[in-house]
1. Using a 1.4 Å probe over the heavy atoms of the protein chains, calculate the carbon and sulfur portion of the accessible area of segment 2-115 as a whole percent.
2. Find the Rg to Rh ratio for the chain, where Rh is the Kirkwood radius over alpha-carbon pairs and Rg uses the same atoms.
3. Please give the charge dipole size of segment 36-115, origin at the Cα centre, charges +1 on K and R Cβ atoms and -1 on D and E Cβ atoms. Round to the nearest 20 debye.
4. Given an 8 Å cut-off on Cα distances and at least 6 residues of separation, report the relative contact order of the chain as a percent.
5. Could you identify which residue out of SER79, SER39, SER91 has the top mean-square fluctuation in a GNM of the chain using Cα springs shorter than 10 Å?
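The values are calculated or read from the model by the stated rules, or taken from the named source; none is laboratory data. What you are looking at is a predicted structure, and each value in this text was computed from that prediction instead of being measured. All Cβ positions, even for glycine, are placed from backbone atoms using ideal geometry, and neighbour counts span all protein chains on display. Each accessible area value is taken on the protein alone, full model and side chains, heavy atoms only, with ligands, DNA and RNA left out. Shrake-Rupley method; radii C 1.70, N 1.55, O 1.52, S 1.80 Å.
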Amino acid sequence: MPLTHRTAGDGVLVIRLLPALALRHRAAATLAIDELLASHRPRRLVVEIPSLLTPAATSVVLRAQHSCRARAASLAVVSTAVEVRRLLRQSLAAGGLTVYASVTQAVHAVEVLPS
């Protein structure tokens with residue numbers, strides 16, 4: 001499994017991608033996220049990216065954003081690594097995603113998208 005998941009409060013699903021997510025894991029990660037969104041029906045999704053940002057991880061986040069919008073759920077991205085946050089902000093700025101330094105910050109800051 002290319003990711004792990006847990007709940008973090010009322011209606012919040014936290015997904016942690018495996019370190020150095022490879023392209024061969026992208027489809028499995030995307031499918032797993034879609035299945036978790038369908039089964040948990042969270043109001044908020046937080047995707048945590050470890051210390052290495054890969055093209056596959058970026059792709060998975062963009063697909064998660066699309067899936068969240070379709071389900072009227074909000075999305076935040078988290079990384080504790082400063083360089084990963086900088087790269088994510090550059091890569092995802094046009095999509096309107098916010099990048100946080102901790103899951104706690106993301107859980108408290110993300111608002112449910114308007115219907």
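1. Carbon plus sulfur share of accessible area: 55 percent.
2. 0.92
3. 200 debye
4. Computed value for the chain: 25 percent relative contact order.
5. SER39
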